[in-house]
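K.L.:
Dropping a structure here in structure tokens format, bear with me for questions.
The values are calculated or read from the model by the stated rules, or taken from the named source; none is laboratory data. This is a predicted model, so every value here is computed, not measured. Every residue, glycine as well, gets a Cβ built from its backbone with ideal geometry; the counts of neighbours run over all protein chains shown. Protein only, heavy atoms only, side chains kept; ligands, DNA and RNA dropped before computing areas. Shrake-Rupley method; radii C 1.70, N 1.55, O 1.52, S 1.80 Å.
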Amino acid sequence: MTLSRQLILCGLIILFCLFAGMINFVVKNTEAFLNNELASHSQDTATALGLTLTTIMKNNDVETASRTVDAIWDRGYYKSIVILGPDGSPLVERRQEIKVYGVPEWFIKFFTLKTEPKEAVILDGWQQQGKVKIESNPGFAYQQIWGTFIESLQWFLVTGVLAAILGGILLYIILRPLRAITAQALAICNKQFFVQERLPWTFDLRLVVEAMNNMSKRLKQLFEEQIQISEQLREQAYKDPVSKLGNRRYFDMQFDYILKDKEKGGLGALLLIELKDFKAYNDKHGYQEGDRLLQNVALMVQECCQGIDNALVAHVKGASIIVVLPNKSKETANSLAEKICQQFVEFERKHFSKESEVGSIGIALYNADNNKKDILALADMALRAAQTSGPNQWHCLEEGTGQVQQIYGAQEWREIFEKVIAENSVLLHFQETQMWDGKSGKIYETLMRIKIGENIISAGIFMPMAEQLNQILAMDKLVIQNVVQKILNSKAEYTFSVNVSPSSLEDENFQKWLLEKLKSLGKKVNQLIIELPEYGVVNRIKLVREFFLKISSLGSKTAIDHYGKNFSSFSYLYNLKLNYLKIDGGFIKSLNESEENQFFVRSLVDIAHSLGILVVAESVESEAEYKILQQLKVDGGQGYFIGKPKELEI
């Protein structure tokens, strides 16, 4: 029961006690008054009747005496009237049973009226002729007391209702700061540190609100300091101090993971950007101008990559910047290179460079079977070809990319996707996500496959073509539909996570469709986790926040995977309704040998746990990684060491 209701109840109890005491006082006083009135009424009537009967009884006229008594008796105010002769024998006698109409029996028993008979002597001179005995009827008195009681009760009920309403309103106003304090405390638990600007006029509550505000400010400061320190140390480890891009260590870690990813690795492109004679530029214009040129190029390349999800940009050495486009087509890479070269042409005019020739770009297309050394060598060959073709040019080499994606043309791929969607022939494999708290049930990540001929193709191979042919949304729907059906048909309480493409989330109709699918799960809605990649979240933070809130309100769970790949702030996490955070596999590879990665993971776990978010490691491939993750208090893991993707019959 709420405090306001308890206070209202206490007030009503006190009011009831006061009323009960008041009613008792009023009724008892009325009872005493009526007892006196009944006694006086009996005595006065007896005296008057005795005087009236003096002459009548002198002549011993009993009949006239009887008529005189009847005249009084017919009014009904008396319980008994008795005329006694000189010898004490009754000459005239009238009696009636007491009948009280409209008054309950319990009330009569509770309030007892005393009606003792009163008498008067009938005299003839000094000689006694007889006696008159009269006892009043208490029925009318009971009706009067009952009426007083009912009227008082009605006033009490009206007063009680008004008091409850008025008291409720006053308590609502008085306790408003207390509700605000409760909301503030709950917000602090969720790492939302707001301050109450409006202070209550009640002195005690004002002190509590001021204390809560000070605590909220202090906790927010500590939380932001923790985030700031973690981000600074991460940048020191993985960012180039001049260009503010990822450094060589960051590039090696991420690109090695991309090539190694057995599920999402596929075709991609690597762009090697090299500034023209950068050493000579520094010697001619000074190192400050050289740094400014490098910064302008880095900023421009990042801006050109903004529309490309999951692009990896790194400054690997003095004059070289690398852009990796995982699971992107040749056309996307060529379009980006053309866009960057067009910007190079404008650099001198915009005073971003002292020279008209800024740099060249070499593009190498790769697949998951290529090694990093060969890909970089191919990109270097393409770069030399671009440099020899003129200033601010690009060149693309395609050697060594004989994947299924290259065998089929766009029209053939379109027919393949249309057939898969029409026949619902997508293959779903599931990889276990192992939680280490010993309480969580089994969780499986859903991985998509399609079969072409005798080959089973993973999503990393065909999703770039699906994106190019605008089939992403249809494929997302197909996977979600199949997983929802599997949950509905299953008696096991397994939880399934499904990756949703960021581009699908931007479709309002898709959002409505997905919410309806979640509602169709009923009580099983908590068995579905909706995952988004981090690169799709940071560019759509407002959209994701609103959508995650809708999902959470239905009872489903949310997750972000590949976290840490982008240099995004930790702070945006506390604004999301997030259940799981999956650390990008690049930080997990050889984690036991990297103190920098261990620090990043430890910091992320501390921050996530303070927000009530569970942390899961991706791509756990060895026992050493498995053990160090548990030591770092990570909540769970996923990878080939824990379990390979497989079909799941439930």
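K.L.:
Which count do you get for residues in segment 452-468 that are open to solvent by 30 Å² or more (accessible area, probe 1.4 Å) and more than 36 Å from the chain's Cα centre (by Cα)?
P.N.:
So the answer is 5.
K.L.:
Mind telling me which of the residues PHE641, PHE567 ends up being surrounded by fewer than 23 Cβ atoms within 10 Å (Cβ to Cβ), of a type in the set (Phe, Trp, Tyr) and without any contact (Cβ under 8 Å) to a residue 60 or more places away in the chain?
P.N.:
PHE641
K.L.:
Moving on to the next point. Quick one: is LEU611 within 28 Å of PHE547 (Cα to Cα) and in contact (Cβ under 8 Å) with a residue 60 or more places away in the chain?
P.N.:
Considered against the rule, which asks whether it is within 28 Å of PHE547 (Cα to Cα) and in contact (Cβ under 8 Å) with a residue 60 or more places away in the chain, LEU611 comes out as yes.
K.L.:
If the Cβ limit is 9 Å and pairs must be 6+ apart or interchain, which residue in segment 540-553 that is more than 15 Å from ILE529 (Cα to Cα) pairs with which residue that is assigned to a helix (DSSP H, G or I) and open to solvent by 50 Å² or more (accessible area, probe 1.4 Å)?
P.N.:
Going by the 9 Å Cβ cut-off, the qualifying pairs are ILE541/ASN575; ARG545/ASN575.
K.L.:
Do we have any residue at all in segment 168-176 that's part of a helix (DSSP H, G or I), surrounded by 13 or more Cβ atoms within 10 Å (Cβ to Cβ) and of a type in the set (Val, Ile, Thr)?
P.N.:
The answer is yes, given that some residue of segment 168-176 is part of a helix (DSSP H, G or I), surrounded by 13 or more Cβ atoms within 10 Å (Cβ to Cβ) and of a type in the set (Val, Ile, Thr).
K.L.:
With the requirement that a residue be part of a helix (DSSP H, G or I) and open to solvent by 20 Å² or more (accessible area, probe 1.4 Å), what does segment 498-510 give you?
P.N.:
Those that are part of a helix (DSSP H, G or I) and open to solvent by 20 Å² or more (accessible area, probe 1.4 Å): SER503, GLU508, ASN509.
K.L.:
Pairs, please: C-beta under 8 Å, at least 6 apart or cross-chain, first residue within 16 Å of GLU621 (Cβ to Cβ) and in segment 242-259, second among the aromatic types (Phe, Trp, Tyr) and part of a helix (DSSP H, G or I)?
P.N.:
MET253/TYR238; MET253/PHE587
K.L.:
If you go through segment 77-113 one residue at a time, how many are charged (D, E, K, R) and either touching a Pro at 6+ places or on another chain (Cβ under 7 Å) or surrounded by 11 or more Cβ atoms within 10 Å (Cβ to Cβ) (or both)?
P.N.:
4
K.L.:
Which condition from (1) touching a strand residue (DSSP E or B) at 6+ places or on another chain (Cβ under 8 Å); (2) closer than 30 Å to GLY639 by Cβ; (3) among the hydroxyl-bearing types (Ser, Thr, Tyr) is the one that SER243 breaks?
P.N.:
Failed condition: (2).
K.L.:
In addition: So how many residues does segment 428-451 have that are within 24 Å of ILE258 (Cα to Cα), free of Cβ contacts under 8 Å to residues at least 60 places away in the same chain and either within 33 Å of the chain's Cα centre (by Cα) or open to solvent by 10 Å² or more (accessible area, probe 1.4 Å) (or both)?
P.N.:
4
K.L.:
Being under 24 Å from PRO117 (Cα atoms), in contact with a Lys or Arg (Cβ under 6 Å, 6 or more places away or on another chain) and of a type outside the set (Lys, Arg) is true for just one of ALA46, ALA32. Which residue is that?
P.N.:
Just a single option satisfies the conditions, and that option is ALA46.
K.L.:
Could you tell me whether segment 288-306 includes any residue that is surrounded by 21 or more Cβ atoms within 10 Å (Cβ to Cβ) and over 16 Å from SER360 (Cα atoms)?
P.N.:
Yes, the conditions are met somewhere in segment 288-306.
K.L.:
Can you find a residue that is at positive phi, open to solvent by less than 30 Å² (accessible area, probe 1.4 Å) and not aromatic (Phe, Trp, Tyr) anywhere in segment 319-339?
P.N.:
No, that holds for no residue.
K.L.:
Is it true that PHE251 is under 28 Å from TYR640 (Cα atoms), out of contact with any Lys or Arg (no Cβ under 9 Å at 6 or more places or on another chain) and assigned to a helix (DSSP H, G or I)?
P.N.:
When the stated conditions are applied, PHE251 passes them.
K.L.:
What number of residues in segment 475-497 are open to solvent by less than 30 Å² (accessible area, probe 1.4 Å) and either within 26 Å of ASN367 (Cα to Cα) or not in a helix (DSSP H, G or I) (or both)?
P.N.:
7
For every residue, the table says whether it meets (1) of a type in the set (Phe, Trp, Tyr); (2) at pLDDT 90 or above; (3) under 22 Å from MET253 (Cα atoms); (4) surrounded by fewer than 21 Cβ atoms within 10 Å (Cβ to Cβ).
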{"site": "SER603", "(1), (2), (3), (4)": "no, no, yes, yes"}
{"site": "ALA608", "(1), (2), (3), (4)": "no, no, no, no"}
{"site": "GLU618", "(1), (2), (3), (4)": "no, yes, yes, no"}
{"site": "ALA624", "(1), (2), (3), (4)": "no, yes, yes, yes"}
{"site": "GLY636", "(1), (2), (3), (4)": "no, yes, yes, no"}
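K.L.:
While we're looking at this one, here's another question. Of the residues in segment 200-222, how many are under 26 Å from the mean Cα position of the chain (by Cα), among the charged types (D, E, K, R) and either open to solvent by less than 60 Å² (accessible area, probe 1.4 Å) or at pLDDT below 80 (or both)?
P.N.:
Selection size over segment 200-222: 1.
K.L.:
Output yes when any residue across segment 44-56 is in contact with a Phe, Trp or Tyr (Cβ under 9 Å, 6 or more places away or on another chain), closer than 16 Å to VAL132 by Cβ and open to solvent by 60 Å² or more (accessible area, probe 1.4 Å), and no when none is.
P.N.:
No: zero hits.
K.L.:
Run down GLU197, GLU231 and say which single residue is in a helix (DSSP H, G or I) and open to solvent by 30 Å² or more (accessible area, probe 1.4 Å).
P.N.:
Every option except GLU231 fails the conditions.
K.L.:
While we're here: Taking the condition over 26 Å from ASN310 (Cα atoms) and either touching a residue at least 40 places away in the same chain (Cβ under 8 Å) or of a type in the set (Asp, Glu) (or both), does VAL479 pass?
P.N.:
No; evaluated as a whole, the condition is false for this residue.
K.L.:
Within segment 351-390, how many residues are within 19 Å of VAL301 (Cα to Cα) and either of a type in the set (D, E, K, R) or surrounded by fewer than 16 Cβ atoms within 10 Å (Cβ to Cβ) (or both)?
P.N.:
Number satisfying all stated conditions: 6.
K.L.:
Residues in segment 392-405: is at least one among the aromatic types (Phe, Trp, Tyr), at pLDDT below 90 and more than 35 Å from the chain's Cα centre (by Cα)?
P.N.:
Scanning segment 392-405 turns up no residue that is among the aromatic types (Phe, Trp, Tyr), at pLDDT below 90 and more than 35 Å from the chain's Cα centre (by Cα).
K.L.:
Do you know which residues across segment 253-276 are modelled with pLDDT of 90 or more and open to solvent by 40 Å² or more (accessible area, probe 1.4 Å)?
P.N.:
Once the filter is applied, which keeps residues that are modelled with pLDDT of 90 or more and open to solvent by 40 Å² or more (accessible area, probe 1.4 Å), segment 253-276 yields only LYS276.
K.L.:
Being small (Gly, Ala, Ser), more than 41 Å from the chain's Cα centre (by Cα) and modelled with pLDDT under 90 narrows it down to one of SER356, SER320, SER335, SER360, so name that one.
P.N.:
Checking each option against the conditions leaves just SER356.
K.L.:
Still on this structure: Using the structure shown, decide if GLY147 is farther than 30 Å from LYS28 by Cα and open to solvent by less than 60 Å² (accessible area, probe 1.4 Å).
P.N.:
no
K.L.:
Helices (runs of 4 or more DSSP H) wholly in segment 514-629 with at least 2 residues that are touching a Leu at 6+ places or on another chain (Cβ under 6 Å) - which ones?
P.N.:
541-554, 595-610
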